[in-house]
Structure formats: structure tokens, C-alpha cells
Amino acid sequence: MSRRPASNSRKRIKDAQHESASFRARAIAGFALITLCLLLLGARFAYLQITRHSEFSARSDSNRISVRRVAPTRGLIYDRNGVLLADNIAAFRLEVVPEQIKDLSAMLADLGAVVALSDDDIEHFDALRKAKHTFESIPLRFKLSEDEIARFSTERWRFPGVDVVPYLTRAYPQGEQFAHLVGYVGRIDAADADKLNALRYAGTTHIGKTGIERSYEDALHGEPGYDLVEVNVDKRPLRVIERVASTPGKNLYLSIDARLQRVAEDAFEGRAGAAVAIDPRNGEVLAMVSVPSFDPNLFVNGIGKVDYSTLLNAPDKPLLDRAIAAGYTPGSTVKPYVALGGLELGLRRPDDTVLSVGEFFIPGQSRGYRDDKRGGHGRVDLVQAIAQSVNTYFYSLALDMGIDRFSGWMSKFGFGKPTGIDLLGESAGVLPSREWKRGRLNQAFYPGETVIAGIGQGYWVITPIQLAQAASILAARGVRHPPHLLRAIQDGLNTPAQVIATVPADPSIIHNAANWIPVEQGMIAVVNGGGTANGLGTGFPYVIAGKTGTAERYSRTDETWTSISTAPIERHQVLFEAFAPADDARIAVIVALEAGRSGAHDAAPIARKMLDAWLKDDDNVRTAGGPT
Amino acid sequence: MNRNIVLRLQLWALRALRRPYFDLPLIAALLLLALCGLVTLYSASDLDRHLVLSQAARFLLGGVLMLAIARIPPSVLRNWTPWLYAASLLLLVAVAVLGQGRGAHRWLNLGVMRFQPSELVKLTLPMMVAWYLHARELPPRWLSLAAVALLIGAPALLIAKQPDLGTALLVAASGVFAVFLAGLAWWRIVLVLGAAAGAAPVAWHFMHEYQKNRLRMFLDPESDPLGNGWHIIQSEIAVGSGGWFGKGWHHGTQSRLEFLPEHTTDFVFAVFSEEWGLIGVIALIVLYLFIVGRGLMIAANARDTYSRLLAGAISMAFFVYVMVNGGMITGLLPVVGVPLPLISYGGTSAVSLLAGFGVLMSIHGHRKLLPR
């Protein structure tokens, strides 16, 4: 221990010079190391700032630049003559900026005393609030009344962060008349949001829910504009860098004639049913009515739960679009098509006759199939069979055809499958066939079922639009023009509307054109030749071809025979189909009523009024007229 | 009595004028750096004049302290060294027991002002190591090394426990540099480094969860881009988007729009890089290298071992600030709270740095007073 300090001090004195030199060496080594490290650091900077510059530059921009979508103005909907069916009107809504509210639930409670707030409003508001930033303005109540605006204005000081904001809302000036056809828009809900292009709908609050509003949502919506805004880390916008205007949605011109639609609707006088009118030359749907209806304006800003369940549960189902989605038994309205099939398939000649004795028997079976007239119609040919709606003629014809040829032929008129009209929610109906029965009931098809299929009974289910399409095909001598509602599209109010080119039609389904004549004559005789709807054509400038249909609403469970005249009204679905002028049809009309005495008594007059409106009262000017 | 004081003051002023005890190149470089710091801060704080003025006030205080320390002869400093070291160690213990601060016990409330004893240690520790080695046989052997390790380890561990890993690292580095400069044999350095690497898992075990997270994020920042990786990612974006020439002063979007956290303090270098580009970064690194080099030159010309080791350790520790901070903002090193010297906003580190340069100036100014 005593030796070390001595040796240390001796060494220290001796090595002072050496220590200084050694320090210099170490200082140089240290400086070299430091230079090396700083070079490494510089290289790292160069790597980030030069090699990866473009990548980080892009990320810096995507950090700071945010796109704020500006909702486009929805396209308008017109009828074929420019009558407005769906409009945008200025309205006011309440918007709330959540971050400016201290106690949201207390504020909503206070606000509810000034402006009516439904649970639905608050539910939607809460859903939006969760999806948006707290500094964003969120709509709470749409379409404030003037009263509400006035009341809120005087109380505004109590509600910082709540504001009345003008906006455009959808309005349906025709109200109930086009509720099913045009449909309505409603607030975007969670289910919609999942299906939508989030970018395109970022600023949009409403979306087409039903009808044309839904099926042409894409065209009506338009393209959103956007503001490129510089945002900070909280996504709070600081300034607008660039602004791109939105493109309004396209205006649609429907083939519907609002006047014809109103005539048809009025003619129903509130009775449940549907009517469709089609121009057989091009498939344009001229009128499409479903009674009863509802006010679509109720749905735009959120229908109350009570109102909605009233509509939903009403026994006459006002929300159902009967024209495309309700199923009817066609009854005798199928007879002209069956008759044409008999000629086309070579099973009948026009002058072949059948003896109607009041009851028809399948050879070897004891069950009888009845005629409408006790004792039968006697010996009838094809024209008489259609005019008098003689069941026996069609029982035997259907039996001769067999179910396979029967369903094969009838499907050419579009029965048993959707027509493809430009609306959503169309039903397929049922065309009786071996495959259908096998698939649905897993049973063989019996001859008795073929027999009653011949008069539109049994498994048959049609929709009004299907029957209208069939009538239209028949009127056009077998040429099918797919029924459609959209006639023209307009790109902004200042450009002319572009009429949509019609799809070239397939060749006629009738191979021998002469076969069409007796069927037409039969249908003319229905109206003008002492047939089931005799007298309907009185005072009409053109010849009407038509056919009645009266189907029992409830399936026959016993063998009692009931005459039409004594049957309770509720017992029958009544139908009428017609086209006119018979030789060169410009309109095909079908009317279906859910309850009535007979097709001739109840449905045919409605059809006549529609024919009048289109061909007589209006001198046919409007058919040629386009959107103005 | 009064006349006496006036006379002494006059004498002091005369001496100060005749012999200013400061190194002009070093003063010039520090002034340039401080100016650069204020300009960067003005932008990084989004033109907050108040913040820049308060930083300038600290520079002034630090500058006065620097010139005052420059007048104290190194021999006096050397005599005070053990006492200063013991006092700072006591203060660290006091902080551990009584200290206050956000989440970390770093501050000691002295009533009139709050005080961070770890800043004091940044000076007293290299002084103590230099003092110890000054009296020992050089290059140091294992025994001296063990004693020095104890001198370094005690305060470093106390600071790391606060927890303030950045300062602990800086403090330890200054001591280690003193040993390096004392000529510790290269093979011993290798052995010690090897042992340190072996002890790393043990260190991991003693780390706080947030420190572990910082290390994890350093290894893979994109694994948690909105959480712990956010700092690193946003900092790299700021640096990388600067390119060659930068976005221009006060045009750095990353800081102005607050994507970059801590943009006036620990991440101010990222703001600088974003606004001045690689050219600015290189200029700044060269300025730092010049200061370190000048400090090592002063050390090499010092008159005794104590002064040499102390000046060298202070200079090299200065480099550690730059390296750790620069490495952090570029993702080269893990996130450790070390400020960029004289540019990051924050009083205590600026003052203690300038005090350190005061010691350097003193060593420089007194190099020729005694014969070799």
C-alpha cells in the first residue's frame, strides 16, 4: 500500500510529457470517431431527404391536405311533357356542432321544447355524430316549419353551436299520385351506408329508397364537388387550397303522362287495384297506378314511427306497389293468348268450333269443369269463344296443347318472369308449368290443372305490369318492346334532353301473321260485338280490342255453382285488358281491381277512361310530343 | 469600504479587458448557433414571440454565467471539484426523495425557482472524473477504472431512476469520454464494451414500460403508426419531405399543422430539416463539428491533465447531444429525450451547456498563466 503512491508520483512526474502526447493522440482519435458518427448521421439525413424524398413529400401532403366533399344537387324527375314529379325546394334544417356543446343531452332536451325532435331525429343524429369529427356541423332536424324557425330565432342565444341552415330538400308536388312510381328519397341509414361509395356520398344526406328515385339513384345523384382543404393534425380545416364545383344529377323524363295517370287514379275512386298503360309501339309505360297510395313527402325527412306502422299495417296495404309487386289471378284475360297459341301451334283453325254445354269433362274423368253460363254457349268458333269468354273452348284447347306447349307458348308473352321494367321489387308471378310445379311442390302436373290453366285459373299468378306487357305484345302483333319508364335524360337544365334510343325489338313471336286477325276480331267483339264488355266502345273514335277477366279471389273448395250476378262483390278479382286503335294500337291498357262484380262492370270503365284520356280527349298530340 | 469596492471593481474590469479569457472562434460559433436556434424556434413555435424572447433571456443568463466561469482559474475549479461533486450527488438524492415534476422526479423546488440537479451533474461529473484521473497513473488500469465506474455509475443511475434516460446517457458519456481521453488501453475499451453489451438484457429488465416501448417503436415504428410510432413516423416525414433545400422558413407543414409532436423541444431538429433541407442540415452539422473540434483543440493545449480531460470530456459530450438527437429524429436511434444543443427550447440545458463552455473558456484563457 505504501509503495504504490510513491511509484505513482514518480511515474506521473516522469510521464507528464508523455501524457500530453497520449492525450493529443486520443483527442485526434476521438475527433475522428465523432466525424465518422456525424458523417453517418449526415448520410441518414441524405437517405431520408434525397433518396426517399418523394415518398415523404407525398406523405406530408396526405397529412395536411384533406378532401371535403360537396354534395351535388339531385336531378329532377318529369313526366313526358315536362310536368314536375320530383322537385328540389329550399328548406331549412337545424345543424349542431357537437364540440361547441357542453352538455349534449341537456341541450337536446331544451331544444326539443322549441323545435319538435323525434326519437328518429336523435337516433340519426347520434349515428352521424359517431361517424364525424366533433367540429363538423351535423344535421339534426330537417325541414323546419316557418313557425319553428321563428321560435328558434328568438331562443337562439340559448343554443350556441346550433344553427338554422338552408338546404335543398326533395318534394313531390304530385303527392300520392306518383308515390309508388317515382318513389321517394330518405335519409341515408346504416344499411345504405354500407353499400354506397363513401367518397361519392360523403356530403349527401338522402338517397333514393323506392321507385324511380331508387332505380335511377346513380344518374339522379350527380357527382360531388370537393374542396381541397389544408387541415391540422386534428383534421380541423384551416384554409381552402382548391375548389371543384359539384355536377348536378341528371334530370329524368319519364314516359309517363301525368294527366293520364291522374285520370286513371281518379277512375279507381279509391278501390284497391292497379292499372298500367303501355305504348305497344315502343314499350313506353304511359301510366302506372297503384291504389291506395300514400304521401311520399312524409318519408323524405323521416316518417314518424306511428305514421309508418299505420301505413305498414293498413289492411289495404298502401305501401305495396300493386302494379309490379301484387299477384293477381289472370282468369279469362289469358284467353286471347291461349287462342293465338292454338292457331300458331296448328291445333285449331279459326273456324273450328267447340260445343259448350255448360260443363267440360276430361275423357275418362268424372269431374266437370264449368262454363260461366248455365247450360253453355252452344257451338262457338274462336271469335265467339273470346267474345263470350267460353271456358269449354279453352279447356279443350289447353288439354290439346298439353302443359308443356302451353307454358312454352305463354312464356313468350312474358308470363312467369319479371318484365325487367326499370323499377326494383318486381314480382315474377307464376306461369303454371311442369318445371314450376316440380320445383315448388315436387309434384307431377295433372291434366285437370292443365285444363284450368287454359282459363287463367289454378296456379296462375300475374302482376299488372306482366299482363300489360302481354297485352302490349299482342297489340303489336307479337313484337315485344320491353316496358320501361325512362324516356329521356337531361344533363343540366340548359341542354336538350336526350331521348333514350329504344332497343331493337326481337322478331314477332307470331309466325303466321294471319293468325293474329281472328284473335283481334274476338277481342273487338268483346267490346263491340255483343261480347262480355259490350257497349264499352260507344262514342269512342277508334275501335277498341279488349278482354275481360273475372277471377275468384278464393279457391273453390266445394262444388257449388255460383252465378256472377249473385256473387258477393268481394268474391272476385276483376280485370280488363284492352288496346286501341285495334288495328294500329297506340296504347295497351290493363286494369286490375281486387274486388268487383266483373271485369266488364268494374275494370273496363276505368280502362275506357284511360283510353279516352290518351286517344280521344287529347287528340293524340301528346304521344308525339317530347320533353319540352 | 465603498471606495475599496469601487477600486476592486475597477481593477477587475481592467484585468477583464486586458485578458478577456474567452476564445473568439468558439464564442462566434456559439453565437451563430444561438441565433440559428432562435430563428428556428420562432418558426417552430408558429411565430410565438414570447417563447423566443424567453429563450433569448436564457441564452443571456447562460452567456453571463459562461463569461463568469471563464474567469475562474482551472486550479480553483479543481480544488472545488470533490465538494461540487458531493454536493450535486446529495442534490440528486434529495430529488429522489423530495423531487417533483410531471411523471418524473427531476425537479427540486427551491422556493424562488425550480432547479434540475441533473443539469449540474453534467458538469460536476466530468470534473470529478478528471480530478480523480489527474492524480492517478495514466493510462488508467482496472483499479482506477473501477473507481471511475463508481463515480460515473452513482449519479447516472440516480438520474436514470428519475427517470431521465437521456440525461443519464449524457452524464455517463462525459465521464466515459474522460476515461477514453486519459488513454485507457484499446483492449480494455473493447472488454468494457463487450461487458456492457452483455449487460443490455439486464438493463432492459430495469427499464420503464414507456422506455421499452420507445425501443420497440425504434425497431419498427410502422407497427403502431397512431400510437407509439407516431413521433418517429411524423419526424421522418418532416425530415424526408424537406428534400435538398427544404420548404423554406415557416413553411414546414409538419410542424405548423402540428403533425410533429414536441416541435419546439426534442423534435426541433425535424422542423429545421423540413424547412432548410439537407443543405441546412449539413451546414448545422458542420457548425457542431467545428465547436467540438475547437473544444478538443483547447483541451489539447491545456496546461495539465485535469484541464485536458475536463475540456475534452465536455467537448465530446456536446457531440453526444447532437448525435442522439439527430439519430432520434431520423429514426437512426431510439427516442430518448435529449435536446438539440442551443436550438431546442428549454432553459436548463442551454444554461448548463453554456456553463460547460465557460469551463472550456477558462481552460483556454488560463493555458499560459503557469509555466509548463
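Take segment B:133-167 and flag every residue that is small (Gly, Ala, Ser) and under 25 Å from B:HIS205 (Cβ atoms). Once the filter is applied, which keeps residues that are small (Gly, Ala, Ser) and under 25 Å from B:HIS205 (Cβ atoms), segment B:133-167 yields B:ALA146, B:ALA149, B:GLY153, B:ALA154, B:ALA156, B:ALA160, B:GLY166.
Of the residues B:ALA56, B:ALA34, B:ALA16, only one is surrounded by 17 or more Cβ atoms within 10 Å (Cβ to Cβ), of a type in the set (Gly, Ala, Ser) and in contact (Cβ under 8 Å) with a residue 12 or more places away in the chain; which? Checking each option against the conditions leaves just B:ALA34. In segment A:421-451, the qualifying residues are those that are free of Cβ contacts under 8 Å to residues at least 40 places away in the same chain and among the aliphatic types (A, V, I, L, M), and the one that is surrounded by the most Cβ atoms within 10 Å (Cβ to Cβ) is A:LEU431. Of the strands (runs of 3 or more DSSP E) contained entirely in segment A:142-218, those carrying at least 2 residues that are in contact with a Gly (Cβ under 8 Å, 6 or more places away or on another chain) and not charged (D, E, K, R) fall at A:185-187, A:206-208. Considering the conditions (1) part of a helix (DSSP H, G or I); (2) surrounded by 24 or more Cβ atoms within 10 Å (Cβ to Cβ), A:SER411 is excluded by exactly one of them, (2). Quick check on segment B:290-323: of everything there that is touching a residue at least 60 places away in the same chain (Cβ under 8 Å) and of a type in the set (S, T, N, Q), which residue is surrounded by the fewest Cβ atoms within 10 Å (Cβ to Cβ)? Applying the filter and picking the extreme gives B:ASN301. Checked against the criterion of being outside the structural domain of A:ASP218 (by TED's automatic domain parsing), crowded, with 17+ Cβ neighbours inside 10 Å and out of contact with any helix residue (DSSP H, G or I) (no Cβ under 8 Å at 6 or more places or on another chain), segment A:267-282 has at least one qualifying residue. Somewhere in segment A:485-500, is a residue under 30 Å from A:PHE360 (Cβ atoms) and under 28 Å from the mean Cα position of the chain (by Cα)? Scanning segment A:485-500 turns up no residue that is under 30 Å from A:PHE360 (Cβ atoms) and under 28 Å from the mean Cα position of the chain (by Cα).
Looking across segment A:22-37 at every residue that is at the interface with chain B (Cβ under 7 Å from one of its Cβ atoms) and aliphatic (A, V, I, L, M), the one that is farthest from the chain's Cα centre (by Cα) is identified as A:ALA27.
Among the residues of segment A:238-253, count how many are crowded, with 16+ Cβ neighbours inside 10 Å and assigned to a strand (DSSP E or B). Of the residues in that region, 3 qualify.
Matching residues to (1) at the interface with chain A (Cβ under 7 Å from one of its Cβ atoms); (2) buried (at least 22 other Cβ atoms within 10 Å of the Cβ); (3) without any contact (Cβ under 8 Å) to a residue 24 or more places away in the chain:
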position: B:PHE245; (1), (2), (3): no, no, no
position: B:GLY252; (1), (2), (3): no, yes, no
position: B:THR264; (1), (2), (3): no, yes, no
position: B:PHE267; (1), (2), (3): no, yes, no
position: B:GLU275; (1), (2), (3): no, yes, no
position: B:ALA283; (1), (2), (3): no, no, yes
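Within segment B:112-121, can one find any residue that is modelled with pLDDT of 90 or more and either among the aliphatic types (A, V, I, L, M) or over 15 Å from B:PHE180 (Cα atoms) (or both)? Checked against the condition, which is being modelled with pLDDT of 90 or more and either among the aliphatic types (A, V, I, L, M) or over 15 Å from B:PHE180 (Cα atoms) (or both), segment B:112-121 yields at least one hit. Among all positions in segment A:238-251, there is no residue which is closer than 30 Å to A:ASP583 by Cβ, more than 22 Å from the chain's Cα centre (by Cα) and touching a residue at least 60 places away in the same chain (Cβ under 8 Å). Note on segment B:149-178: among residues that are in contact with a Lys or Arg (Cβ under 9 Å, 6 or more places away or on another chain) and modelled with pLDDT of 85 or more, the one that is farthest from the other protein chains (Cβ to nearest Cβ) is B:ILE159. Just one residue in the set A:ARG74, A:ARG68, A:ARG80 is in contact with a strand residue (DSSP E or B) (Cβ under 7 Å, 6 or more places away or on another chain), surrounded by 14 or more Cβ atoms within 10 Å (Cβ to Cβ), in a strand (DSSP E or B) and more than 9 Å from every other protein chain (Cβ to nearest Cβ); that residue is A:ARG68. Within segment B:145-180, being surrounded by fewer than 21 Cβ atoms within 10 Å (Cβ to Cβ) and either of a type in the set (Ser, Thr, Tyr) or assigned to a loop (DSSP other than H, G, I, E, B) (or both) holds for B:LYS161, B:PRO163.
The values are calculated or read from the model by the stated rules, or taken from the named source; none is laboratory data. For clarity, every value in this text was computed on a predicted model and none was experimentally measured. Ideal geometry is used to build each Cβ from the backbone, glycine not excepted, and the neighbour counts take in all protein chains shown.
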